[in-house]
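A.B. asks: Please read through the structure below; I'll follow up with questions.
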4 protein chains.
Amino acid sequence: MFFFNWHDVFNEVLPTCFSHFSPTVFPTISHINNVLILDIKALEAIVFDFDGVLTDNRVWVDQQGNESVCCNRSDGLGFDVLRKTSVKLYILSTETNPVVMQRGKKLKVPVHQGVKNKVHSLQTLAQDASFDLDKTLFVGNDLNDYGAMQLCGFSACPADSHPQILEVATISLKKDGGQGIVRELVEQVFEINMLEFLK
Amino acid sequence: MFFFNWHDVFNEVLPTCFSHFSPTVFPTISHINNVLILDIKALEAIVFDFDGVLTDNRVWVDQQGNESVCCNRSDGLGFDVLRKTSVKLYILSTETNPVVMQRGKKLKVPVHQGVKNKVHSLQTLAQDASFDLDKTLFVGNDLNDYGAMQLCGFSACPADSHPQILEVATISLKKDGGQGIVRELVEQVFEINMLEFLK
Amino acid sequence: MFFFNWHDVFNEVLPTCFSHFSPTVFPTISHINNVLILDIKALEAIVFDFDGVLTDNRVWVDQQGNESVCCNRSDGLGFDVLRKTSVKLYILSTETNPVVMQRGKKLKVPVHQGVKNKVHSLQTLAQDASFDLDKTLFVGNDLNDYGAMQLCGFSACPADSHPQILEVATISLKKDGGQGIVRELVEQVFEINMLEFLK
Amino acid sequence: MFFFNWHDVFNEVLPTCFSHFSPTVFPTISHINNVLILDIKALEAIVFDFDGVLTDNRVWVDQQGNESVCCNRSDGLGFDVLRKTSVKLYILSTETNPVVMQRGKKLKVPVHQGVKNKVHSLQTLAQDASFDLDKTLFVGNDLNDYGAMQLCGFSACPADSHPQILEVATISLKKDGGQGIVRELVEQVFEINMLEFLK
């Protein structure tokens with residue numbers, strides 16, 4: 001668990017004075033051409049916030065109060081690849097909403113929702129499912145993800161996240177929420193050759 | 001109640017000749033770096049128009065005439081914070097539509113809809129609920145909000161509001177309608193530290 | 001009925017050689033600062049295409065084949081004003097779709113749909129409802145509106161219309177389809193003071 | 001069947017050293033002012049991927065798990081024209097989803113969905129329906145279309161396709177998926193005069 005500002009370390013400190021760090025400190029993450037590369041083999045779990053990460057943070061409400069959210073087909077292919085690795089996958093949402101369960105079912109990713117305190121939930125989940133939070137990547141976008149972002153060894157956020165989330169995230173993604181965040185992780189951050197996996 | 005042009009006062013007059021005003025005239029609002037700061041403690045009520053403020057002013061219509069509107073999840077967190085203050089919150093809408101009621105229910109904010117004349121409705125509401133319109137912030141976007149914007153002591157509008165609404169609003173927000181207007185009010189205008197509230 | 005290119009006349013010919021035209025030729029339309037002003041008193045009818053004019057030309061399709069389209073609330077206020085004038089209003093659509101009927105019902109504008117040939121339909125409609133096509137404004141966006149645009153005395157189109165429609169339209173609007181076309185007509189083209197009408 | 005990079009051939013090699021190629025090698029495709037023109041008479045079939053081509057690659061999910069996708073009305077007119085030619089039309093989708101069938105029904109284009117391997121499916125389809133894959137245009141956008149793009153004699157992709165798809169496509173379209181891809185093919189690539197067809 002790290003409590004200093006990852007964003008500054010990777011984007012400010014590391015590029016300018018890389019020689020002062022021992023390369024063994026960050027064995028699984030590297031900083032090449034301003035793009036962070038993370039070795040997926042170093043991860044035991046990836047936990048995704050739902051709204052604003054797998055969706056564009058908008059919600060459609062109809063006259064019966066039925067809610068809809070807007071996701072991206074390209075993330076489906078991304079999860080197809082992630083499920084072929086040994087990394088545990090979860091969706092963790094503050095909202096208690098059938099729509100999260102429906103999307104999780106489609107993506108074949110287990111959903112934990114109605115979560116009031118994501119830090120406590122993550123700690124319980126990690127204990128129950130036997131994974132190490134230091135080897136966990138949390139992907140969130142808003143202030144209710146703040147504690148979870150700092151609790152996990154690694155954190156990522158969409159480009160349109162809250163400024164305070166962008167500040168503490170290990171990895172700031174280029175895409176906005178709901179525009180294919182999972183695909184960017186798979187192809188740009190984990191550098192997985194999708195064509196090999198899809199064969 | 002003020003009938004001169006607030007927009008001009010705050011954006012044209014105040015910045016250029018601030019010394020000519022006594023600071024005691026505006027005890028609750030200040031103009032720092034072109035951003036208006038409003039002390040929420042000075043408010044007794046905030047009244048929100050619905051379409052174009054809590055939505056992007058679009059409406060989806062299906063074959064059965066069922067309407068849907070597009071809202072923003074980030075506003076939900078904003079209302080969570082506002083409900084922890086003593087300020088009274090209302091949604092006031094010209095439309096008579098179950099969709100407004102459904103969104104109000106989700107946000108836990110009382111809804112007054114089917115309102116033909118917002119000025120009369122506001123006056124009745126203020127009397128019934130015992131709040132002072134001079135200490136009320138009205139948030140609207142289109143010409144049917146014009147009278148209400150001028151009736152209340154303070155008014156705010158999204159960036160994509162009607163030009164004549166932008167002209168009379170005390171506070172012109174940076175975000176468009178449905179893009180997180182409530183959050184901008186909470187974090188930028190009222191300067192509330194959300195992380196403290198979410199703890 | 002005019003068969004030459006209106007677009008060229010108003011945007012190319014008129015501004016550069018206005019003196020060669022007798023002002024009495026266009027008594028109801030004027031060209032001020034590159035904006036066309038049309039006197040609504042000169043019109044007997046306005047006929048709107050639906051998709052791409054009152055919507056953004058997109059259609060949402062669900063698993064049951066139920067279609068939804070995306071309209072703009074601001075057009076609702078625009079029709080409130082137009083219905084207070086003596087001008088006849090119609091929606092004319094090639095699509096045979098309950099969604100058009102539902103939107104027309106909400107806007108209180110009669111709908112003629114399933115129209116294979118808009119020119120024939122307009123001619124029948126003008127005869128039945130006793131209005132003069134030379135004093136009619138047709139608003140369309142795509143090639144199936146081409147004949148109707150040329151048949152009517154006046155024609156308007158959204159900014160994102162088909163290039164060949166932009167070429168023949170009397171009036172090229174600044175807004176895209178579904179972004180408030182009716183409001184732009186009412187406020188910019190007819191120069192109606194909405195605040196007076198809403199009193 | 002071609003296994004070299006079409007994109008490079010047409011956009012890099014051909015424009016700079018056109019004289020080194022015999023014009024008889026590409027009798028049906030020409031490169032004028034950086035726009036590729038393809039003679040539709042040279043085609044026996046056009047096969048469309050669904051998500052990201054006829055839609056914008058997004059999916060709306062509601063609380064019952066009912067999915068909706070966003071299509072473009074202008075493509076409807078495009079298919080009206082294509083159906084008047086002798087070219088066979090198909091939609092081929094990896095997703096098994098009633099929404100694809102519903103859209104295909106509306107466009108009157110046969111749908112093959114739940115396709116795990118598009119290359120095998122295309123080969124079977126070409127044999128069953130007796131068309132030549134060398135005279136087939138495949139339109140796709142993502143990596144699960146990669147093999148199909150290379151299998152067919154011609155391939156096209158929307159402007160917002162995956163970088164590796166943009167690289168192998170014969171024709172890179174100007175529009176994004178769901179913004180009227182079929183219309184761009186009909187009017188810009190096949191250079192069909194729509195007004196003649198709509199008469």
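The values are calculated or read from the model by the stated rules, or taken from the named source; none is laboratory data. Since this is a predicted model, take the numbers as computed values, not measurements. Because the Cβ atoms are built from the backbone with ideal geometry, glycine has one as well, and the counts that use them run over all protein chains shown. Surface accessibility is based on the protein's heavy atoms, side chains included, excluding ligands, DNA and RNA. Shrake-Rupley method; radii C 1.70, N 1.55, O 1.52, S 1.80 Å.
A.B. asks: What is the interface area between chains C and B, defined as buried accessible area summed over both chains with a 1.4 Å probe, reported in Å² to the nearest 100? It would help to have the intermediate numbers written out before the result.
C.D. replies: Numbers: alone 10310 and 10310 Å², together 18680 Å².
Protein heavy atoms only, the C-B interface buries about 1900 Å².
A.B. asks: Next question. Specify the inter-centroid distance of the range A:157-199 and the range A:72-104, based on alpha-carbon positions, in whole Å.
C.D. replies: Here the two parts' Cα centres lie 14 Å apart.
A.B. asks: Still on this structure, please answer the following. When you look at the Cβ of every residue in A:140-147, what mean number of other chain Cβ atoms sits within 10 Å? Provide the component values of the computation, followed by the final result.
C.D. replies: Working: counts 0, 2, 8, 10, 6, 0, 4, 3.
Counting Cβ atoms of other protein chains within 10 Å of each residue's Cβ and averaging gives 4.
A.B. asks: Sticking with this structure for a sec: Which FRET efficiency value, to the nearest 0.05, do you get for D:Asp128 and C:Asp160 by plugging their Cβ-Cβ distance into 1/(1 + (r/R0)^6) with R0 = 41 Å?
C.D. replies: So the FRET efficiency works out to roughly 0.50.
A.B. asks: Next question. Can you list the distances in nanometres, one decimal and ascending, from the D:Thr85 label point to the identical position in each other copy, with the point 7 Å along Cα to Cβ?
C.D. replies: Ordered by increasing distance: 4.3, 4.3, 6.1 nm.
A.B. asks: When the Karplus curve 6.51 cos²θ - 1.76 cosθ + 1.60 is applied with θ = phi - 60°, which whole-Hz ³J(HN,Hα) does each residue of the range D:110-126 get, with x for Gly and Pro?
C.D. replies: Ordered by residue, 3J(HN,Hα) equals x, 10, 10, 10, x, 7, 6, 10, 5, 5, 4, 4, 4, 5, 4, 4, 5 Hz.
A.B. asks: What is the distance, in nm, between label points placed 7 Å from the Cα along the Cα-to-Cβ direction at C:Lys84 and at C:Leu195?
C.D. replies: 1.4
A.B. asks: Another question about this same structure. Show the residues, 5+ positions off or on another chain, whose built amide H is closer than 5 Å to the amide H of C:Leu92.
C.D. replies: C:Phe48, C:Asp49, C:Phe50, C:His112
A.B. asks: Output, in nm with one decimal and in ascending order, the distances from the D:Glu196 label point to the matching label points of the other copies (7 Å from Cα along Cα-to-Cβ).
C.D. replies: Here D:Glu196 shows inter-copy label distances of 5.1, 5.2, 7.3 nm.
A.B. asks: Collect residues whose amide H, placed 1.01 Å from N in the peptide plane, falls under 5 Å from the amide H of C:Ile171; neighbours closer than 5 in sequence don't count.
C.D. replies: Sorted by chain and number, the residues that satisfy this are C:Ser155, C:Ala156, C:Cys157.
A.B. asks: Take each of the peptides C:150-156, A:169-175, C:160-166, average the number of other beta-carbon atoms within 10 Å over its residues, and list them starting from the highest.
C.D. replies: C:150-156, A:169-175, C:160-166
A.B. asks: Then there is this: Place the peptides B:190-197, D:44-51 in order of packing, highest mean first, counting for every residue the other Cβ atoms within 10 Å and averaging per peptide.
C.D. replies: Answer by packing, highest mean first, reads D:44-51, B:190-197.
A.B. asks: What FRET efficiency comes out for B:Thr96 versus B:Glu167 if R0 is 22 angstrom and r is the Cβ-Cβ distance? Round to the nearest 0.05. Please list the in-between numbers first.
C.D. replies: Numbers: r = 29 Å, r/R0 = 1.30.
Efficiency at R0 = 22 Å is approximately 0.15.
A.B. asks: Put a label point 7 Å from Cα along the Cβ direction on D:His120, then list its distances to the equivalent points in the other copies in nm, shortest first.
C.D. replies: Distances to the matching label points in the other copies: 5.0, 5.0, 7.1 nm.
A.B. asks: On average, how many beta carbons from a partner chain sit within 10 Å of the beta carbon of a residue in C:108-121?
C.D. replies: 0
A.B. asks: Let me ask something additional. Let me know the mean shielding of C:87-95 by other chains, meaning the per-residue number of their Cβ atoms within 10 Å of its Cβ.
C.D. replies: That average works out to 1.
A.B. asks: For the range D:6-198, what relative contact order do you get, as a whole percent, if you take Cα pairs closer than 8 Å and at least 6 residues apart?
C.D. replies: So the answer I get is 26 percent.
A.B. asks: Which sequence of D:Asp145, C:Asp80 reflects their accessible areas, 1.4 Å probe, from the largest down?
C.D. replies: The ordering from most to least exposed comes out as C:Asp80, D:Asp145.
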